[in-house]
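Visitor: Below you will find the structure I want to go over with you.
Every number in this text was worked out from the coordinates using simple rules, so none of it is lab data. All values derive from a computational prediction rather than experimental measurement. Quick reminder, even Gly has a Cβ in these numbers, built from the backbone with ideal geometry, and neighbours come from all protein chains shown.
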């Protein structure tokens, strides 16, 4: 990545009716893959995305519009590029999307042909890669074309049409648990994390042994919740995912704190992990925070490096330079004056290839002198 122009802007709701470049994708278009729901080839192409979380779904129509990107580099004049992208504009939302700050549509980041990185790479605008950086303030950045730093940790994607990786073992504290090998979907569209049931039982049992707090029963989505005095320093055992070739992923934000308890004389916190009926895991936003996560589709690798997502300048550092926030070899998490901030509400997605995986955007390519636009993470659609 070369030098770049970074722009942080206040985002408005996207309304197709106010965009002079927006148009319905017709049913006869090669990227419309739900022809069975169409009456004619000129009808608007519909979409429907079903999530496993509380009957959550989004359905509506597929639109084509222009994504405006700005290039800027040390060795090239600044110029702008308009790239055609596909997005789903919602007409009906159900489940979790009816509460809180639920989106009104979807924008794809998956491996499918209709996703934004796929379209940008096919157009020759970026390298076939992108990165996401989530912080604890419910915001983040996406960089299209980013292949990360050479110093980043990485592991190969499995030969499946999804962002799946192979986890060798799940580590609690200094103990890497036996027989906890599993496949995991890196799922930025899921708020929390799901583990295969057998792995889940081993992890929560070991966590419960190591945490020095009293377990309590709550009407919560999670089984393992605890109560600790605000005067007490609670040691939270670090959680890590161990990959092949001695690569480890230290989870920076493993605990969910009850915001209502912060002003009391006690602190309530939970281990926000749930069992999955599937034989694979879904690693959600709560386990992904604090990292620059690289989805290198060109080299079929998932990369990560500890990162300050709010430091705009750090994203334009040369890719062969050192990470400004190297991954710590070991870290002990504590609960001093903890503040609970839940991730943005999103459904638990399926690893099956989909044209609509929630998320958002930016980019870089050497031939265009680093086409890069740093954006806030959430794209709001109002249709």
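Visitor: Sorting 164, 289 on the 10 Å Cβ count, fewest up front, what's the list? Intermediate values should be presented prior to the final figure.
Guide: On the way: 164 18, 289 21.
Lowest count first: 164, 289.
Visitor: When 176, 45, 32 are ordered from fewest to most other Cβ atoms inside 10 Å of their Cβ, what list results? List each step's numbers first, then the result.
Guide: Working: 176 15, 45 25, 32 22.
Least to most surrounded, the residues fall as 176, 32, 45.
Visitor: For the residue pair residue 50 and residue 235, what label-to-label distance in nm results when each label sits 7 Å from Cα along the Cα-to-beta-carbon direction?
Guide: Placing both labels 7 Å along Cα→Cβ, they lie 4.7 nm apart.
Visitor: Among 195, 175, which comes first, second and so on when ranked by fewest other beta-carbon atoms within 10 Å? Show your work: numbers first, answer last.
Guide: On the way: 195 25, 175 13.
The order, fewest Cβ neighbours first, is 175, 195.
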